[in-house]
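The values are calculated or read from the model by the stated rules, or taken from the named source; none is laboratory data. Note that the structure is a prediction, hence the values are computed from the model and not measured. Neighbour counts run over all protein chains shown; Cβ positions are idealised from the backbone, glycine included.
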Amino acid sequence: QFVPPYTEDCRTGMYPPNGPTFRGPVSWYTIDLDLPPSKRWTALITDKKTELAGMIQAIRDLANAFVPSGRLIELVDIMLPLMADTLPSPFGEEIKGIADASGVPLGEVVLFNIFYEVFTV
Amino acid sequence: CTSVVAQDQKGNLIHGRNLDFGLFLGWDVKNKSWIISEKLKPLVVNLDFRKNNKTVFKSTNFAGYVGMLTGIKPHVFTLTMNERFSLDGGYIGILEWIMGQRDGMWMSFLTRSVLENATSYKEAKNQLALTKMLAPAYFILGGNQPGEGCIITRSRELSIDVLDIDVKLDRWYVLETNYDHWKEPFFLDDRRTPAMKCMNKTTQANISVKTLYDVLSTKPMLNKLTTYTTLMQVSEGKLESFIRDCPNPCMPW
């Protein structure tokens with residue numbers, strides 16, 4: 001258990017979650033699908049604005065570590081907003097609503113939402 | 001990621017998953033943690049998607065991400081997706097999209113649309129297996145009837161394989177990490193073997209939400225990339241999630 005891959009004996013009695021492997025519970029939010037797409041995420045993003053900005057900054061720092069000139073982030077901020085208009089409804093509008101509510105540049109919110117495909121690179 | 005759909009002896013389906021993300025995206029030497037994984041943890045939220053004031057589906061998300069990685073259509077089906085690596089990967093899908101070929105779906109928008117619109121396990125399974133995508137993926141789907149649990153291995157264009165729960169073959173659970181189930185996992189990242197060992201040790205007689213959480217709390221299924229654990233019970237329409245930590249010594253992935 002103390003050499004990689006640190007495979008443990010099968011744990012038991014871990015539920016209800018507690019102790020060092022449990023950082024905390026997860027909050028619930030309602031997403032009202034009757035609202036216009038651009039308004040659906042506003043309440044949640046207003047609550048999580050700081051954490052989202054911190055996450056996006058970490059991705060920016062990572063991109064700038066690869067391309068110190070900052071060109072990669074510039075490219076994201078110029079090109080990816082165009083991508084938002086090509087995304088199927090309601091996703092493009094929802095992403096724009098998140099950018100408005102959080103103050104994060106639209107291109108970076110788009111990047112966050114297509115990260116799965118991008119990350120396969 | 002580690003996703004499991006298990007069928008107990010009464011025929012109930014239980015679905016659990018660890019969402020691991022942030023590999024190679026920056027390591028914090030001081031705290032022995034992945035930078036992106038740590039930034040994602042405060043963004044984990046449970047969402048109740050409602051229409052006409054009724055729940056359509058529920059999910060565990062990262063705030064700001066409109067697609068779905070983990071969700072439940074209460075009393076109908078449960079769905080998680082795990083990352084699949086392939087040379088014919090998402091970047092090709094993105095290039096096609098930029099060139100104007102837009103007949104494929106972005107992975108997380110497909111899962112969102114299935115959770116929002118599919119009205120049965122069978123319909124969800126068809127949509128996940130047959131829709132052209134921009135990137136490969138594993139879809140792990142649980143239904144609400146005995147035998148309704150499967151792993152759909154997807155390339156961008158095709159459904160490569162579907163592995164169903166089959167109690168007659170003593171396959172009372174299906175388990176997916178990030179490797180095709182008919183191949184050996186990468187030897188430096190074998191989370192499948194220890195996970196199956198713990199599932200088999202649990203036995204079908206004792207599988208429950210609690211014991212599935214035990215399996216997902218055992219290293220290396222629990223590792224430095226694990227941001228959250230979600231447990232779902234389709235028959236009760238219940239989803240619960242927990243933000244995780246992995247105390248040292250702990251595998252980076």
note = From the option list A:Ile78, A:Ile73, A:Ile59, single residue qualifying as modelled with pLDDT under 95 and facing chain B (nearest Cβ under 9 Å) is A:Ile59
query = Condition test on B:Ile36, is it in contact with a Leu (Cβ under 6 Å, 6 or more places away or on another chain) and surrounded by 24 or more Cβ atoms within 10 Å (Cβ to Cβ)?
reply = no
ask   = Residues in region A:44-59: is at least one among the hydrophobic types (A, V, I, L, M, F, W, C), in contact with a strand residue (DSSP E or B) (Cβ under 7 Å, 6 or more places away or on another chain) and assigned to a helix (DSSP H, G or I)?
value = yes
query = Just checking, how many residues over region B:143-175 are farther than 17 Å from B:Phe77 by Cβ and either outside any strand (DSSP E or B) or of a type in the set (A, V, I, L, M, F, W, C) (or both)?
reply = 11
request  = Among what's in region B:101-120 and is outside any loop (DSSP other than H, G, I, E, B), of a type in the set (S, T, N, Q) and touching a residue at least 40 places away in the same chain (Cβ under 8 Å), pick the residue that is farthest from the other protein chains (Cβ to nearest Cβ).
outcome  = B:Thr111
ask   = Restricting attention to region B:50-100, and to residues there that are hydroxyl-bearing (Ser, Thr, Tyr) and either part of a loop (DSSP other than H, G, I, E, B) or over 14 Å from the mean Cα position of the chain (by Cα) (or both), which single residue is farthest from A:Lys48 (Cα to Cα)?
value = B:Ser86
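Being assigned to a loop (DSSP other than H, G, I, E, B) and touching a strand residue (DSSP E or B) at 6+ places or on another chain (Cβ under 7 Å) is the filter; apply it to region A:11-37 and report the residue that is surrounded by the fewest Cβ atoms within 10 Å (Cβ to Cβ).
In the first step, residues of region A:11-37 are kept if they are assigned to a loop (DSSP other than H, G, I, E, B); the result is A:11-18, A:26, A:33-36.
Narrowing the set further to residues that are touching a strand residue (DSSP E or B) at 6+ places or on another chain (Cβ under 7 Å) leaves A:17, A:26, A:33-34.
Working: A:Pro17: 19, A:Val26: 20, A:Leu33: 15, A:Asp34: 9.
Checked region A:11-37; the qualifying residue surrounded by the fewest Cβ atoms within 10 Å (Cβ to Cβ) is A:Asp34.
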query = In region B:178-227, what residues are free of Cβ contacts under 8 Å to residues at least 12 places away in the same chain and of a type in the set (Phe, Trp, Tyr)?
reply = B:Phe186, B:Phe187
key: Given (1) more than 9 Å from every other protein chain (Cβ to nearest Cβ); (2) surrounded by fewer than 19 Cβ atoms within 10 Å (Cβ to Cβ); (3) among the β-branched types (Val, Ile, Thr); (4) within 21 Å of B:Leu134 (Cβ to Cβ), number of the condition A:Thr86 does not satisfy   = (1)
inquiry  = Considering only residues that are in contact (Cβ under 8 Å) with a residue 24 or more places away in the chain and more than 7 Å from chain B (Cβ to nearest Cβ), which ones fall in region A:44-56?
reply    = A:Thr46, A:Lys49, A:Ala53, A:Ile56
remark   = Exactly one of B:Ile36, B:Ile14 is farther than 20 Å from A:Leu33 by Cβ and in contact (Cβ under 8 Å) with a residue 24 or more places away in the chain, and that residue is B:Ile14
